[in-house]
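One structure is given below, encoded as structure tokens.
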Amino acid sequence: MATDSNAWQRWKHKILGAARDPFSPETRQHMALVAFLAWVGLGADGLSSSAYGPEEAFKALGHHTHLGLYLAVATALTVFIISLAYSQVIELFPSGGGGYRVATKLLGAHAGLASGAALVVDYVLTIAISVASGIDALFSLLPGIFLHLKVEVEAVLILLLILLNLRGMKESIKVLLPIFMGFVLTHAFLIVYGIGLHAERLPALIPATLSETRLLSQEVSTLFVIALFLRAYSLGGGTYTGLEAVSNSVTMLAEPRIRTGKWTMMYMAVSLALTAGGIILLYLLWDARPASGQTLNAVTFRAIVGELPWGGDTLLTAALLLEGGLLFVAANTGFLAGPAVLANMALDSWVPHQFSQLSEQLVTKNGVLLMGAAALAILVGTAGKVDILVVLYSINVFLTFSLSLLGLCLYWWRNRDAEPAWARRFALAFLGLLVTVGILLVTVVEKFGEGGWVTVLITSGVVFIGLKIRKHYLAVREKLRSLDQVLDNPPLPEASPPPPLQPEAPTAVILVSNKFQGLGVHALLWVLRLFPNQYKNFVFVSVGEVDIATLRGADIRDFRDNLEANLQRYVDFCHQHGLAATAFSACGTDPVAALDRLCREIVEKRFPNSVFFAGKLVFAQDNWLTRLLHNHTAEALQRRLHLQGLQMIILAVKVS
């Protein structure tokens, strides 16, 4: 058994990397992202949207492509407006959480749930659409006979990204860094070179656009022109996705977090505005037209490299490969930011608490696995069709944007007397709110019947599940609160001084949580009632589980001190009532493994005649939901101890 376990651990560490000490300063330094790496890891989602967002907007103009000039300017301005607004979010919420935390704190818990649900679905779709769009870009280089393999290739890529992210976020970013930089350099060259080749058209472009716009207005109506532009502008909303990722993941950034976050937002805004706006301008200058089996970017870039004196085909291949590769980097953003949102929601009990837990590599592995599985299901369900995924994607993005910006508007208005610069910040947030609400409404109306209803249905389903989960957790919390009443009226007589410990005597080792509460005292009382005068020593054991909230703390060492202080309260409780007692503690990301080590040490080094006890909640209406929402630490540890010849008894606490 031990040999098999050791072999498994060795293979696990080879595949996922070695375990990390969460209390080591070097670990936190290793995990933190400087602005440049954060731009790569979190900004790739926004930058990669230039592969499909501008194309969707430009194609929506139909034959009236001269409006593309307005589209390029509006796209670049919108990127900066939303980015500046989310810089405010970073400043106001330096502990992370982004749109979810903004909506929760400024609009209320239920608004936060809606925003969180939208973000989770959004990041699942980030993975799905990025992988699908990346494969489309790569398959633009291949003959059509390979198209039937798209979904299979997409599934393999998602599995690889899951494995990469289980190793750690910094590791995944470093692996993907060359792809990101290659994309930036090749696309910057193509945009500058492509505009430069048609530079003679630029001076006449503005007057020609104005003239054609006036002519179109006279032929149809000004209202038609405005509606056409707004529709195209809104359907290109996918361009702005990913701008919220930094504010959702501030805890991943290097200190000082606010400054690092703002620099990251600036990198994202500048790179996306220039890339998206430049690509739309290329469409206009090169008179790009959709072609079967090719993206509009591929059509445009092929025309540009055709003018190169040498190496055109090689550059085109490299550009499209890197474009596809960047979309895979963008999919990685979903694996970074999505689990972060789930972890924040878990701390507020909207989703199972397991989503705030960390692996040995300090990764929110349950969130990574869920995001990957859900993205894979959506890809299979939609057959990887980007035009469908874009519709599903954009609605949730702008729902989150709108809730966040509404929260900012309310915040600055409520604090207008205390904030000297409130008017400027309020105006920026309000302008962003008008833009995002407008895009959201147009997208819902235009695309509701074409698949938008699916997003609304899925997000509503996540909200409903969140409400049910939180209701359950609150009910359990109320039951545990009733158990805490035993601490007010302890039934045991007082005695002083406490008797000494007897290492060779029968010992009751009681597993308790990292807080002094009624459930632990309840277990002690049950031991005394079931085995009167049997045990001479009472040992309290607890493991402080290091989760996402622990890592977020200002000083992680306080976590260990608080754990030991709470355990000492159990010891003091026993001493006050004439019982010999002591306590042992440990910290780790895997509570079962840590408890196993601690229990073996107690038997081998201190109290050889120990019997272990643990309390467990038992529900009158047991079902898959209660089993999902609560850990099974007691059963898992009991099995381990029994295999080693140690006895453990589980004490049931009924919850109606």
Restricting attention to region 356-382, report how many residues are within 18 Å of Gly452 (Cβ to Cβ) and not β-branched (Val, Ile, Thr).
1
Residue match in region 304-312 (condition: out of contact with any Asp or Glu (no Cβ under 7 Å at 6 or more places or on another chain) and within 28 Å of Val124 (Cα to Cα))
no
Whether any residue in region 282-292 is of a type in the set (Phe, Trp, Tyr), surrounded by fewer than 22 Cβ atoms within 10 Å (Cβ to Cβ) and either touching a helix residue (DSSP H, G or I) at 6+ places or on another chain (Cβ under 7 Å) or under 17 Å from Ile82 (Cβ atoms) (or both) is what I want to check.
yes
Assuming Glu450 fulfils every condition listed in (1) at pLDDT below 80; (2) more than 23 Å from the chain's Cα centre (by Cα); (3) surrounded by 21 or more Cβ atoms within 10 Å (Cβ to Cβ) apart from one, which condition is it?
(3)
Which of the residues spanning region 311-363 are of a type in the set (S, T, N, Q), part of a helix (DSSP H, G or I) and either without any contact (Cβ under 8 Å) to a residue 12 or more places away in the chain or over 21 Å from Ala375 (Cα atoms) (or both)?
Thr314, Thr317
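Every residue, every condition in (1) part of a helix (DSSP H, G or I); (2) more than 18 Å from the chain's Cα centre (by Cα); (3) at pLDDT 85 or above; (4) crowded, with 24+ Cβ neighbours inside 10 Å, yes or no:
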residue	(1), (2), (3), (4)
Ser87	yes, yes, yes, no
Pro94	no, no, no, no
Lys105	yes, yes, yes, no
Val121	yes, no, yes, yes
Ile145	yes, yes, no, no
His148	yes, yes, no, no
Leu157	yes, yes, yes, no
Leu177	yes, yes, no, no
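For every residue, the table says whether it meets (1) of a type in the set (Phe, Trp, Tyr); (2) assigned by TED's automatic domain parsing to the domain that holds Trp350; (3) farther than 30 Å from Leu157 by Cα; (4) in contact with a Gly (Cβ under 7 Å, 6 or more places away or on another chain).
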site: Thr65; (1), (2), (3), (4): no, yes, yes, no
site: Thr75; (1), (2), (3), (4): no, yes, yes, yes
site: Phe80; (1), (2), (3), (4): yes, yes, yes, no
site: Tyr86; (1), (2), (3), (4): yes, yes, yes, no
site: Ser95; (1), (2), (3), (4): no, yes, yes, no
site: Ala118; (1), (2), (3), (4): no, yes, no, no
site: Ile127; (1), (2), (3), (4): no, yes, no, yes
Within region 591-607, can one find any residue that is over 21 Å from Lys515 (Cβ atoms), touching a Cys at 6+ places or on another chain (Cβ under 9 Å) and of a type outside the set (Val, Ile, Thr)?
no
Check Thr264, Thr251 and return the single one that is touching a Lys or Arg at 6+ places or on another chain (Cβ under 6 Å) and either hydroxyl-bearing (Ser, Thr, Tyr) or at pLDDT 85 or above (or both).
Thr251
How many residues are crowded, with 16+ Cβ neighbours inside 10 Å and over 25 Å from the mean Cα position of the chain (by Cα) if we restrict to region 619-635?
3
Within region 241-260, the residues that are buried (at least 24 other Cβ atoms within 10 Å of the Cβ), of a type outside the set (A, V, I, L, M, F, W, C) and more than 19 Å from Gly432 (Cα to Cα) are Ser249
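The values are calculated or read from the model by the stated rules, or taken from the named source; none is laboratory data. These numbers come from a predicted model, not from an experiment. Ideal geometry is used to build each Cβ from the backbone, glycine not excepted, and the neighbour counts take in all protein chains shown.
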